[in-house]
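Chemist: Structure in structure tokens, see below.
Every number in this text was worked out from the coordinates using simple rules, so none of it is lab data. Quick caveat, the model's predicted, so the values are computed rather than measured. All Cβ positions, glycine included, derive from the backbone under ideal geometry; neighbour counts span all protein chains shown.
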Amino acid sequence: MDTISRRKFLQLTGAGVVGAGAAMLSISDIAQAAIARPLPLGTPIVVMVTLYGGNDGLNTVVPYTDPLYYSMRPDISYKPASVLPLSDGLGLNPSMVGIKSLWDQKKVAVIRGVGYPFPDHSHFSSMAIWQTASPIRHISSGWLGRWLDTQSPDPMLAISLGSVPPPLFAGVKSVGSALPLGGLVIPSGKLGMRCQTLGKATSTDSHLMAAAAQSMSNLFSVSDNVTSVLKGPAPVATDLPVTNGGNAGGDSNLQQQLDLVAKLIAAGAPTRAWSVSLGGFDTHANEASAQSLLLANVSDSVTRFLSSLKASGRASDVTVVIYSEFGRRVKANASQGTDHGTSGPVFVIGDRINGGMYGDQPSLSKLVDGDLAVTTDFRDIYASVLQNDLKSDPGQVLDGWKGRVNLLYK
Amino acid sequence: MEAQRLEISRLFARFNFGPMPGQFTQALRDGFSVTSQNLLNATQPDPALDALTPPNLPDVGTRPSQSNVAATKAFNQLVKAQNEDLVLWWLDRMAIAKNPLIERMTWFWHGHWATSIDKVNFALPMFNQIQTLRVNALGNFKTMAHAMFHDGALQIWLDGNDNVKGAPNENLSREFMELFALGVNNYSEDDVKALSRAFTGYQTVRTTGVVTFNPKRHDSDAIKLFGVNTPLDGDTATDLVLARPECAQFISDRLWYRFISSTEPQDPKSGLVTAFANREIAPVVKAIVSNGALSNPRYSVVRQPVEWFIAVCRAFNLQPSKLAPRNLSLGHLLKMAQVPLLPPNVGGWPTDEAWLSSASSQFRIAFAGALAKQIDFSQLAAVPSEKRVTYIKDLLGIYDISSRTFTALTNAKDDLPQFFILAVCSPEFIVNA
């Protein structure tokens, strides 16, 4: 019982609440859909990786040639010799070996100084802003949920891993689906039939009772005759070295999530947007070891994920976007940790990405109240993803937003 | 009569953990007014509850060095056993208290000051925290907030140990204002920084939760908080925070959110803000119960997994720690994503639709199936089969049963375990109308 370590910031005070009717899919649902209407090869797919807790950007993409970095963080800085050099005087956290190798293959865009106007230091408010893409006006729909609203209704289009769907996928009309890691088991026989009766809608149902009945009926709206596709093992990442003792991240839930996503993408799931997440980035104390374990987890999981898709022919269809609700304060606190900050780097990774640095690195000599300046608006990235991967009009989803990250995609 | 049944159903589901056998029909006879007065008077003697021995939680002391494998294993087992004992003890209290209002409010405050044993690690400081919440559950919020500031588990959870002069750690100060006392945006970023300076210098022993003040680590300079510029410590700063007018709106909103509706805003006619003017909790709870919100059909709520489980225990005479195996309920609650002392984060557990996924449906059916094997159904068997639907509706304190659920239950009326599973997994029980 002491194993829950993910700190998920979902559906809380201030964050958008996902509406009723979020379908919960079983693996066989997706298998069925994959066989009936597989996503055509070459169709772009977006995988959003949310790092909950506020990842320290300065120790992720390290300005190791800047003396100010060392003077402001004497205890929790990375020595120049230890970082994995990228370009422009920046280097990756030493634990991110996998992403460094993708960088060397020119598949990684590092977008610097990403944030939004008037940064909010609350986890809940800031994550709500990132997921709704609405920094000023408080709204409850997520940006990919609003993209779903522009599509024909289809529970397969956007899927999040875990049993609680994130606000990200909550549209005004449509809601993305959720897939629990363990899959679903359905009661059979008379109990099953009677449970299905409990799932029927009645005219007297209140909003919440209708949602309760719906959750029961969704459990059964599964065609369970096509599971063989996905009963097999996940695709194997043949070109990655096998390490004894597993990843530095230890038992990684993110890796399980991405393994499942890889399996379903390889099977042809008609899904354009996926959401996975990892928590634990709220490193107020003893940051170095905790953060490097987490970043190793992210780096290893994403690298393995992309590699495992190669055999399916869909590896080049996938764009991975890695973000967190904020970066952290530049100056360390006395506990070898950092408090809540503002901007941070976002990684966009894929074969169709022009690898390299984007946006300006926030200057350590021009802090705003002790925090990094925002040099790139996060909506520029969303707009580029909408335009290039989802082939949609960004303005429609992002309230007329015009900015883009230029030349991000090939 | 129907309106009264709705109010009494809500009273039991929200301010109790659910009726024990006979309590609901008695309440219908007594009427809402008498029932709610009885419920709000939480001082009646309860010998069964008093007889429940608190878990034995000696200080586990220093963790042995990792090289000592046997000692490390024993230490980890002790920590795990203590943690399980503590959670089961609390679940037992919720299940057997004749009038569980205090336990119910303690549960609310646990979600409010959401602290996780996942980071605190040790049962003793968590036990102390829950006791603090229990003692103050219907008392004065200012007293509670001061006690919570000095609470070791909360200090560890939000890095108070690391908050020192010259390099303050803002974790506690930010959440103190945002989540515990004032609500987001009711303070400035400068206030967060100022409060963190006022909170410097408090040190906690991890295994016991004992908090001491170390003046050498405290920032004793004048601190400008909410426009006042003066030297501050944890207590004087807490007073300044709680004196803010936003506190009354925020705390009454949080109570409303959990007990009445997570989507509909607080009805000003309920008078909750005024009732909280002196930061007394009992008058606000009384106002929520008495001022009409419980009769408004719009305000339904979903039972959270712990509340669902305890309601089942109370109706069917189950005591969580006496299930076999002893920790059976903890495994099922973990699957349903709600174990006491393990909130997902400092914001506490989500509400309503978050508990209505197909995944939770599946886990609820499985949990009910496991409980069905341990329930003595002889009382239900003694009820003529055609009267069983009506019987279980009153036993569980359900407001109304739809035709769909009536059909499902009627079809299962002679298979008692299945009848039970369907009743407690019905939308009408999962959602309190």
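Chemist: Quick one: 3J(HN,Hα) in Hz for the stretch B:349-357, Karplus 6.51/-1.76/1.60 with θ = phi - 60°, rounded, Gly and Pro as x.
Modeler: After applying 6.51 cos²θ - 1.76 cosθ + 1.60, I find 7, x, 10, 6, 4, 4, 9, 10, 9 Hz.
Chemist: Shifting gears a bit: List, in order, the whole-Hz ³J(HN,Hα) value for each residue of the stretch B:246-261 obtained from phi through the Karplus relation with A = 6.51, B = -1.76, C = 1.60 and θ = phi - 60°; use x for Gly and Pro.
Modeler: Taking θ as phi minus 60°, the curve returns 4, 4, 5, 5, 5, 5, 5, 4, 5, 5, 4, 4, 7, 9, 10, 7 Hz for the stretch B:246-261.
Chemist: Mind telling me which of B:ALA423, B:ALA147, B:ALA137 comes out most flexible in a GNM of chain B, alpha-carbon contacts under 10 Å?
Modeler: Ranking B:ALA423, B:ALA147, B:ALA137 by mean-square fluctuation puts B:ALA147 first.
Chemist: Could I ask something else about it? Which one, B:PRO297, B:LEU333, B:PHE32, projects farthest toward the positive side of the charge dipole computed for chain B from Cβ point charges (K/R +1, D/E -1)?
Modeler: Projecting each Cα onto the dipole axis, the largest value belongs to B:LEU333.
Chemist: Which of the peptides B:21-33, A:370-382, A:146-158 is most tightly packed, and how do the rest follow, judged by the mean count of other Cβ atoms within 10 Å per residue?
Modeler: Highest-to-lowest ranking by the protection proxy: A:370-382, A:146-158, B:21-33.
Chemist: Using only the alpha-carbon atoms of the stretch B:362-433, report the extent along each of the three principal axes, biggest first, to the nearest angstrom.
Modeler: For the stretch B:362-433, the Cα extents along the three principal axes come out at 29, 28, 20 Å.
Chemist: Can you work out D for the stretch A:341-395 in µm² s⁻¹ from Stokes-Einstein, where Rh is the Kirkwood radius over C-alpha pairs, the temperature is 4 °C and the viscosity is 1.567 mPa s?
Modeler: In µm²/s, the coefficient is 100.
Chemist: What is the distance, in nm, between label points placed 7 Å from the Cα along the Cα-to-Cβ direction at B:ASN278 and at B:GLU246?
Modeler: In this crude spin-label approximation the distance works out to 2.6 nm.
Chemist: Next up: Using 15 Å as the cut-off for backbone N distance, which residues of the stretch A:303-340 belong to the label zone defined by a point 7 Å from the Cα of B:ARG217 along Cα→Cβ?
Modeler: Hits in the stretch A:303-340 for B:ARG217 at 15 Å: A:333-337.
Chemist: Same structure, new question: Explain nothing, just compute: Karplus ³J(HN,Hα) = 6.51 cos²θ - 1.76 cosθ + 1.60, θ = phi - 60°, for every residue of the stretch A:348-361 in order, whole Hz, x for Gly and Pro.
Modeler: 3J(HN,Hα) across the stretch A:348-361, in whole Hz: 10, 10, x, 5, 8, 9, 7, x, x, 8, 10, x, 8, 6.
Chemist: A further question on this structure: Once you have the alpha carbon radius of gyration of the protein assembly as shown, what is it after dividing by 2.2 N^0.38 Å, with N set to its residue count?
Modeler: 0.95
Chemist: Based on the mean of other beta carbon atoms within 10 Å per residue, what is the order of A:59-68, B:320-329, most packed first?
Modeler: Highest mean packing first, the order is A:59-68, B:320-329.
Chemist: Along the Cα-to-C-beta direction of A:PHE118, a point sits 7 Å from the Cα; which residues of the stretch B:174-194 have their amide N less than 14 Å from that point?
Modeler: Of the residues in the stretch B:174-194, B:185-189 have backbone N under 14 Å from the label point off A:PHE118.
Chemist: Let me ask another. Which entries in B:LYS80/B:LYS322; B:LYS98/B:LYS322; A:LYS263/A:LYS310; A:LYS106/A:LYS410; B:LYS387/B:LYS413; B:LYS142/B:LYS216 show an alpha-carbon gap greater than 20 Å?
Modeler: Check vs 20 Å cut-off fails for B:LYS142/B:LYS216.
Chemist: Still on this structure: Under a no-solvent Debye model with one identical scatterer per Cα of chain B, what's log10 I(q)/I(0) at q = 0.08, 0.09, 0.11 Å⁻¹?
Modeler: With one equal scatterer per Cα and no solvent, log10 I(q)/I(0) is -0.48, -0.61, -0.88.
Chemist: On average, how many beta carbons from a partner chain sit within 10 Å of the beta carbon of a residue in A:116-122?
Modeler: 3
Chemist: Each label point is 7 Å from the Cα along the Cα-to-Cβ direction; what then is the distance between the points at B:THR407 and B:VAL205, in nm?
Modeler: That separation, rounded to one decimal, is 6.4 nm.
Chemist: Apply the Debye scattering formula to the stretch A:106-195, with a single equal point scatterer on each alpha-carbon and no solvent, then give log10 I(q)/I(0) at q = 0.11, 0.12, 0.22, 0.24 Å⁻¹.
Modeler: The Cα Debye sum returns log10 ratios of -0.47, -0.54, -1.07, -1.11.
Chemist: Partner chain Cβ atoms within 10 Å, averaged over the residues of B:414-424 - can you pull that number for me?
Modeler: The shielding value for this peptide is 2.
Chemist: Continuing with the same structure: In nm, to one decimal, how far is the modelled label at A:LYS79 from the one at B:THR236, with both set 7 Å along Cα→Cβ?
Modeler: Taking the simple label geometry, A:LYS79 and B:THR236 are separated by 4.6 nm.
Chemist: Cα convex hull of the stretch B:83-220: mean projected area in nm², to one decimal?
Modeler: 8.4 nm²
Chemist: Using a Gaussian network model of chain B with C-alpha springs under 10 Å, which one of B:LEU86, B:LEU52, B:LEU179 is most mobile by mean-square fluctuation?
Modeler: B:LEU52
Chemist: Using a Förster distance of 30 Å, how high is the FRET efficiency between B:ASN291 and B:THR390, based on the Cβ-Cβ distance and rounded to 0.05?
Modeler: 0.45
Chemist: May I pose another question? Given 20 °C and 1.002 mPa s, compute D for the stretch A:278-369 with the Stokes-Einstein relation, Rh being the Kirkwood radius over Cα pairs; round to the nearest whole µm²/s.
Modeler: The diffusion coefficient I find is 139 µm²/s.
Chemist: Partner chain Cβ atoms within 10 Å, averaged over the residues of B:341-349 - can you pull that number for me?
Modeler: Per residue, the average neighbour count from other chains is 6.
Chemist: Can you give the three extents of the C-alpha atoms in the stretch B:313-400 along their principal axes, from longest to shortest, in whole Å?
Modeler: Computed over the stretch B:313-400, the largest-to-smallest principal extents equal 48, 32, 20 Å.
Chemist: Here's another thing I want to ask about it. Going by average Cβ density within 10 Å per residue, which order do the peptides B:96-107, A:341-352, B:265-276 take, highest to lowest?
Modeler: So the order, starting with the most tightly packed, is A:341-352, B:96-107, B:265-276.
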